[in-house]
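Novice: Following this message is one structure expressed as structure tokens.
Throughout, read-outs are computed from the coordinates displayed, never taken from laboratory work. Because the structure is predicted, anything quoted here is derived from the model rather than measured.
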Amino acid sequence: MTIDRGASARGYRGGTAVDCGGGTGPDRAVGADLGLRLDLTYAAFCETHEPAWHALALTRIGSQADAALVVEAVKADLARCWPQVLRFEEPAAYAWRLATRHVSDWVDAEEPVEVEAVTFAAVIGAFKQVANGLLHSEADEVRLYAAILELPDRQRDVVILRYLLGLHVKVIAAYLGRPVATVHSNLRHARERLARRLGVGELPDRGGEL
């Protein structure tokens, strides 16, 4: 894995749009009161969930600037059809699917990920609580980061939300639209894969499977 200590930002071409069935977002032509309520709910939703989208984009893309561009594209798509998003049973799960689609489109269109040193340090720092005492060199850290990127999507999503953000499994389940038991299973299998990559028998969840 290459750690690029001076990556430059690139213009984001945008991911695949998600059809919400019409509408133009919080600023559409509606009554003033309703429009204000939509604006406020949209702003609050983004403030709450943007850290999760950013963590996903940052881990997979590796560049702070590029991750920010992807997150802005996610927010723009949500704004475009915000009234429709509010009708979903789990708006957070819809937004997460939208974020993963944008991130995947970016990754597919780019060269193999070049990870900025600051991003690498942030991700590895978050995982040191899990791999306590198992990372003895920068080579071990690089191997762990690569292993995270190579996880199946379902497992990678769970470990990003759990270890980078420290979210409760019930919150993760709401993000991903999965049962809590499935999140526990995804987390366990992810830790097993990471442990094998590091050549150790077990990689415990030192925070507890809350």
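Novice: Read phi for every residue in segment 114-126 and hand back ³J(HN,Hα) as whole Hz from Karplus 6.51 cos²θ - 1.76 cosθ + 1.60, θ = phi - 60°, with x for Gly and Pro.
Specialist: Running phi through 6.51 cos²θ - 1.76 cosθ + 1.60 with θ = phi - 60° gives 10, 8, 5, 4, 5, 5, 4, 5, 5, 5, 5, x, 5 Hz.
Novice: Here's another thing I want to ask about it. Give me the percent relative contact order of segment 69-202, please, defined on Cα pairs under 8 angstrom at least 6 residues apart.
Specialist: With pairs under 8 Å counted, the relative contact order is 25 percent.
Novice: Rounded to whole Hz and in sequence order, give me ³J(HN,Hα) for segment 166-181 from the Karplus expression 6.51 cos²θ - 1.76 cosθ + 1.60, θ = phi - 60°, writing x for Gly and Pro.
Specialist: Result, ordered by residue: x, 6, 5, 4, 5, 5, 4, 4, 5, 4, 8, x, 10, x, 4, 4 Hz.
Novice: Would you pull out the residues with amide H under 5 Å of E114's amide H, same chain only if 5 or more places away, H placed 1.01 Å from N?
Specialist: The answer is none.
Novice: Below 8 Å, C-alpha to C-alpha, sequence gap of six or more: please give me the relative contact order for segment 26-109 in percent.
Specialist: In percent, rounded to a whole number, it is 32.
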